[in-house]
Amino acid sequence: MKVIKIDKKDWAGGLGKLSDAYRLFGPVKDKDVSDFKELAAGELPDFDFLNTNLSAKSAVFPQNEVMFEYSLDESQEDHHIMKEPEKDYSPRAVIGIRPCDAAAFLLVKRNFDTPEYKDPYWIRAYEASTFVGLACNDPGKTCFCTTAGCGPFHEDGLDVLIADAGDHFLAKAITEKGEALLQAAGWGAEADGGQIETMKKAAEAKISSTVSTDSLKDKVTTELYDASFWEDTAFACLNCGTCTYVCPTCWCFDIQDENYGKAGIRMRNWDSCMYPLFTIHGSGHNPRGTKTQRVRQRFMHKLKYYVDKYGAGIQCVGCGRCVRLCPVNIDIREVCEFMNSYDPAATTCKAA
Amino acid sequence: MSEDWEPKIVSFFCNWCTYGAADLAGVSRFEHPANTRVIRLPCSGRVSPKFILAALREGADGVWVSGCHPGDCHYIEGNYYARRKFALFKNLLEYMGVEPERVHFSWISSAEATKYVDVAKEVIESVRKLGPNTRFVKHKAKVA
Amino acid sequence: MLGYTDKIKEISERLLKEGKVDMVIGFKKGTMPMMNEPCVIKKAEDAGKLVWDSNCGINLANYLTDRKEKIGIIAKGCDSRNIATHIVENKIRRDQLVIIGVPCKGMIDRHKIASMSETEILSVTDAGDEIIVKAEDSEKTLKKAEVLQKNCAVCTHRNPVIYDELVADLVEEQKDADRYADVREIEAMSAEEKWKYFDDLLAPCIRCYACRNACPLCYCPTCFVDESRPQWVGKSTDPMDTRTFHFLRAYHCAGRCTDCGSCERACPAGINIRVLTKKLEKDCFESYGWEAGLTTEDRPPLDTYKLNDPEDFIK
C-alpha cells in the first residue's frame with residue numbers, strides 16, 4: 001500500500017481532525033512514566049519513549065471492566081436482572097502503539113475470538129480500534145522482538161505504520177481501516193516507500209538481544225514440566241503480578257461482583273497466574289500451591305503450551321517489559337534458553 | 001449538605017462496659033441523639049482497623065470505638081493492646097487525609113451512663129460539624 | 001564495598017564445604033544494569049556466582065520464611081534486622097542460620113539513576129564512593145552519596161545487628177541523618193492537602209502487589225486483600241480500593257518495618273510508598289521508643305504495652 005509523508009507541522013492539525021471521528025488513545029507521560037491513556041481534547045501523544053510501562057492492551061482490554069449492572073431494589077421492576085451497561089464502542093484510534101504491542105493483539109485474538117467462544121467486550125473494542133503504530137528507530141537493549149516473531153517495523157496487527165524521519169513522518173497504510181484514517185486526518189502527500197525499508201533495516205540491525213525458540217515445539221511437555229531448573233529459576237520470584245500486568249499478551253482475568261447498597265456491578269479485572277488465589281479451589285486445595293509451580297506455569301504457557309496449541313510460535317512478542325520491570329530480574333530470555341536447550345538426559349546424568 | 005442531613009455513626013462497643021452504659025442510659029431515660037448504630041464486640045481489643053475502614057468505606061460519616069477504662073478490662077489487658085493499636089491507626093488515618101473528628105475513641109464503664117450520653121453528643125456533634133464523609137467512601141466503579 | 005564479593009565467596013564456599021549449611025542465600029549478577037538477582041547456592045563450587053555491589057537492595061530475609069534447612073544468609077544492616085524480626089515472630093530459628101554480615105554503605109536508587117539518563121543505560125558500576133554510569137553515547141561519574149536509595153540516605157543501622165561472620169570491618173554509622181523529614185512535611189499539611197497528596201501518590205498503582213511481596217514482613221497465609229468473607233477491599237484499581245490496600249499493608253507493618261526500602265525498589269510504577277510505613281516507624285519510635293529488629297528478645301510494640309502509654313486521643 002502507499003506511503004504518505006506527513007510534515008510534522010501538519011501532525012497536530014491532522015490529529016485534531018481525527019478526534020472528530022475517533023476517540024484517540026496514545027502514550028502520555030506522567031512523572032517520567034509513559035502509559036496509554038485516552039487523550040484529552042487537543043492533547044498530543046508523547047512520542048518520547050522507548051516503550052510504555054504498561055502495554056497498549058488496556059486500550060482494548062482494560063484492567064477493570066464492568067460487564068453487568070444490577071439492582072437489588074425490589075421496588076424496581078427489573079431488580080435482580082443482570083443488564084449490560086451502555087458502553088462507548090465508537091471508532092477509536094490508538095496512536096503511537098509499538099509494533100510489538102499491535103502484534104500482541106493478534107496472539108491474544110486466538111484466545112478471545114475463536115469459532116467456539118467469542119468474548120464480546122474484547123471483540124467489540126478490538127473491532128472499533130484502528131492501530132497507528134510508531135516504528136522503533138532505536139529499539140532498546142531488552143527488546144528481542146526480531147527473534148520473537150516481531151520486529152521494530154513489524155506490520156502485522158497494525159493499520160498504519162508511522163516512522164519518524166526527522167522533520168516529517170512517513171506513514172504506510174497497511175489496511176483499508178488505516179487508509180481511511182489517513183484520509184480522515186487529511187494526510188495525503190504520497191512519498192517514496194524506499195526510505196521506510198532503509199530505516200527498517202537500520203533498526204533491525206540495532207537489535208542486540210535474541211532468544212532461540214526453534215526447539216521448543218519438539219520438547220516433550222512432561223519432561224520440560226519436570227525439568228530441574230525451575231526451582232532455581234523461581235527462587236528469586238516474589239510472586240507479584242508485575243510481569244503479567246505489563247505483558248501485552250497476558251489475557252487472564254477474574255470476575256468480581258461489587259455491591260453498593262441496593263445496586264451493584266459485575267466486573268472483570270486483570271488477574272495473574274503468579275497469585276495463589278488464581279487457582280485456589282473452593283475446598284481450599286490449591287493445585288498450583290507453590291511459587292515454583294506458578295512460575296513454571298507462566299513460562300510453560302507462553303513458551304510451550306501456546307506453541308503446541310496454536311502452532312504459531314511463542315506467546316511473546318519480545319517487548320522486554322517483564323525483563324525491565326521485574327523487581328528481582330527474572331529474565332524470560334534466560335528461561336527461554338533453558339527451555340529451548342533442555343536435554344533431560346544430560347541433567348539426569350549430572351545429578352546421578 | 002442538605003438541611004435535613006443527619007450524620008450516621010457506626011459504634012463499636014465493648015460488651016462489658018460501654019454497651020452496658022448505653023443500656024443503662026436507655027433504662028434511665030437519659031435523652032441523647034439517635035445517630036449511632038451500635039455493633040457489640042467482646043472487647044475493644046477485638047476491633048480491627050479493617051472494621052473501622054469498612055465502616056467508612058460503606059459510607060459511615062463517623063466511627064466511635066469505646067471500651068473499658070485501662071485496668072478494668074474483662075480480659076485483663078485487651079484494652080491496653082487496643083490503645084496502642086488505635087493510636088497508630090488514628091495517626092495513620094489522619095496522615096492520609098481523614099479529618100481527625102471522623103473517628104473517636106473513649107473509655108466508658110458500664111456505670112457511666114452520663115458519660116456515655118455526654119460522649120455520644122460530643123461525637124455526633126463533631127461529625128455533624130464536618131458534614132457528610134467523602135473520604136475513604138467506596139463509590140460505584142466507573143464503566144470502562 | 002569493593003572486595004566484599006571475594007570475602008562473601010570465600011565464606012560461603014567454606015560453610016558449604018564444611019557442611020555447616022545446606023545452602024547460602026545471596027545475590028548473583030543480574031542481566032540488567034542495576035539489578036542483581038537473589039539466588040540460592042547449594043554447592044561449594046557454585047559459590048563463585050555470588051556477588052556484592054550497590055545493587056543488592058532486595059531484602060533477603062524475605063527468602064527465609066518458614067524454611068527448614070540450615071541456611072547461610074548474606075545480610076546487610078536492614079536484612080539482619082528483618083532476620084531478627086523473623087526470629088521473634090517464629091518464622092525461622094536462630095540456630096538454623098549462619099548470618100554472613102555485610103557492613104553496608106547503602107544501595108543506589110535505580111529509578112532515580114534511570115531517570116537521570118537521557119538514553120538507555122548500558123552499565124552501572126561501583127567505584128568506591130562513586131558510581132560510573134555508561135549510556136549509549138555518554139559516560140557519567142556520579143557521587144554515590146547523591147544517588148543512594150532514599151532509605152539508605154537516612155539509614156542509621158548500616159551494620160548488621162546480628163551476625164556470625166563478617167565480610168569486612170564494621171562501617172561508621174550515620175549520626176546526623178534526618179530520618180523523618182518527608183513525614184513531617186506531610187504531617188504539616190491540611191487534611192485536604194494530605195488527601196490530595198496520597199491521591200496523586202497512589203494514582204499510578206496497578207495493584208501488582210510487588211511492594212507487599214518484596215516485604216519480608218508479608219507472609220500471612222491469606223492476605224487481607226484475598227479474603228472474601230467479608231471482602232475488605234475491592235480488586236480493581238479504584239482509587240479507594242488502592243488506598244485501602246496501601247493503608248492496611250502499611251499498618252500491618254507497624255512496629256515491624258525496618259525501612260529496608262524493598263517495597264519502593266520493587267514497585268514497577270516507582271511509587272514512593274515508604275512515606276506510609278515511615279509514618280508508623282516514626283510514631284513507634286516517638287511514642288514507644290521502639291526501633292524494629294534490633295534485638296531478638298524484645299516483643300514488638302503492638303504485642304506489648306505499658307500502663308502509662310499515651311492516650312490523649314481517648315475521651
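The values are calculated or read from the model by the stated rules, or taken from the named source; none is laboratory data. Worth saying up front: this structure is predicted, and the values here are computed from it rather than measured. So basically every Cβ, Gly included, is an ideal-geometry build from the backbone, and we count neighbours across all protein chains shown. Ligands, DNA and RNA are stripped out before the accessible areas are found, and what is left, the full protein with its side chains, is counted by its heavy atoms. Shrake-Rupley method; radii C 1.70, N 1.55, O 1.52, S 1.80 Å.
On association of chains A and B, roughly 700 Å² of accessible area becomes buried (total for both chains; probe 1.4 Å). Remark: spin-label model distance residue C:66-residue A:137 equals 5.3 nm, labels positioned 7 Å along the Cα→Cβ axis. In the range C:199-220, the residues that give up 30 Å² or more of accessible area when the other protein chains are added, compared with the chain on its own (1.4 Å probe), are C:206, C:208, C:213.
Which translational diffusion coefficient, to the nearest whole µm²/s, is obtained for chain C from the Stokes-Einstein equation, given a Kirkwood hydrodynamic radius over C-alpha pairs, 4 °C and 1.567 mPa s?
62 µm²/s
For a paramagnetic label modelled at 7 Å from the Cα of residue A:84 toward its Cβ, which residues of the range A:103-123 fall within the zone defined by backbone nitrogen distances under 12 Å? In the range A:103-123, the label zone of residue A:84 (backbone N under 12 Å from the point 7 Å along Cα→Cβ) covers A:118-123.
What net charge do the residues around residue C:300 carry, taking every other residue with its C-beta under 9 Å from that of residue C:300, with Lys and Arg at +1 and Asp and Glu at -1?
Taking every Cβ under 9 Å from that of residue C:300, the sum is -1.
Taking A:245, A:22, A:310 as the candidate residues, the one with maximal mean-square fluctuation in a Gaussian network model of chain A, Cα springs under 10 Å, is A:310. What are the DSSP H helices in chain A that stretch 18 Å or more along their long axis, judged by alpha-carbon atoms, and whose average Kyte-Doolittle hydropathy comes to at least -0.5? TM-like helix candidates: A:99-112.
Solvent-accessible area lost on pairing C with A (1.4 Å probe, both sides summed) amounts to about 3100 Å².
The GluC sites (Glu not before Pro) found in the range C:173-236 that occupy coil by DSSP, while having at most 15 further C-beta atoms within 10 Å, are C:173, C:227.
Residues of the range C:117-133 whose accessible area, computed with a 1.4 Å probe over protein heavy atoms, drops by at least 30 Å² once all protein chains are present relative to their chain alone are C:120.
The chymotrypsin sites (Phe, Trp or Tyr not before Pro) found in the range A:95-152 that occupy coil by DSSP, while having at most 15 further C-beta atoms within 10 Å, are A:117. Of the solvent-accessible surface of the range C:178-307, computed with a 1.4 Å probe over protein heavy atoms with every protein chain present, carbon and sulfur atoms account for 51 percent. Distance between the C-alpha centres of the range C:50-114 and the range C:13-28: 15 Å, rounded to the whole angstrom. For the pair residue A:77 and residue B:137, label points projected 7 Å from Cα toward Cβ lie 3.1 nm apart. Within straight-line reach of residue A:206, meaning a Cα separation under 15 Å, sit the following aspartates and glutamates at least 8 residues removed in sequence or on another chain: A:138, A:197, C:120, C:136, C:137. In this calculation the C-beta distance from residue B:46 to residue C:184 is compared with R0 = 25 Å, giving a FRET efficiency of 0.15.
Pairs spanning more than 28 Å between alpha-carbon atoms, out of B:115/C:196; A:31/C:134; B:140/C:91; C:105/C:134; A:57/C:28: B:115/C:196; B:140/C:91; A:57/C:28. Please report the spacing between the Cα centers of the range C:247-315 and the range A:72-104 in Å, no decimals. Centre-to-centre (Cα) distance: 42 Å. With a ≥ b ≥ c the root eigenvalues of the C-alpha gyration tensor of chain A, is it rounded (a/c under 1.5), prolate (a/b larger than b/c) or oblate? Here chain A falls in the oblate category. Out of the range B:51-144, which trypsin sites (Lys or Arg not before Pro) are coil in DSSP terms and have no more than 13 other C-beta atoms within 10 Å? Passing sites in the range B:51-144 are B:142.
Computed over protein heavy atoms with a 1.4 Å probe, the accessible surface of the protein assembly as shown works out to 42 Å² per residue.
The lysines whose alpha-carbon is closer than 16 Å to the alpha-carbon of residue C:20, local same-chain residues fewer than 8 away aside, are C:9, C:42, C:43, C:68, C:70. Cα centroid separation, the range B:97-118 to the range B:53-87: 10 Å. Spin-label pair residue C:118-residue A:175: with each label point 7 Å from Cα along the Cα-Cβ axis, the two points sit 3.8 nm from one another.
For residue B:85, the lysines whose Cα comes closer than 21 Å to its Cα, not counting residues fewer than 8 places off in the same chain, are B:50, C:278, C:279, C:282, C:306, C:315.
Placing R0 at 35 angstrom, the Cβ-Cβ distance between residue C:146 and residue A:167 gives a FRET efficiency of 0.40 after rounding to 0.05. For chain A, DSSP calls about 75 percent of its internal beta bridges antiparallel.
Anything over 29 Å Cα to Cα? Flag those among A:217/A:291; A:37/A:141; A:172/A:217; A:302/C:144, in the order listed. Listed pairs above 29 Å: A:172/A:217; A:302/C:144.
Helix B:78-95 axis versus longest C-alpha principal axis of chain B: approximately 20°, rounded to the nearest ten. Solvent-free Debye calculation, one equal scatterer per alpha-carbon of the range A:94-157: log10 I(q)/I(0) at 0.18, 0.19, 0.24, 0.26 Å⁻¹ equals -0.69, -0.75, -1.00, -1.09. What is the helix-to-structure angle for B:113-130, meaning the angle in degrees between its Cα long axis and the longest Cα principal axis of chain B, kept from 0 to 90 and rounded to the nearest 10? Rounded to the nearest ten degrees, it is 10. Subtracting the Cα-Cα distance of residue C:42 and residue C:298 from 0.36 nm times their residue separation leaves 88.8 nm of extension gain.
At an R0 of 30 angstrom, the distance between the Cβ atoms of residue A:110 and residue A:334 translates into a FRET efficiency of 0.70. Here the relative contact order of the range B:9-130, from alpha carbon pairs under 8 Å that lie six or more residues apart, stands at 38 percent.
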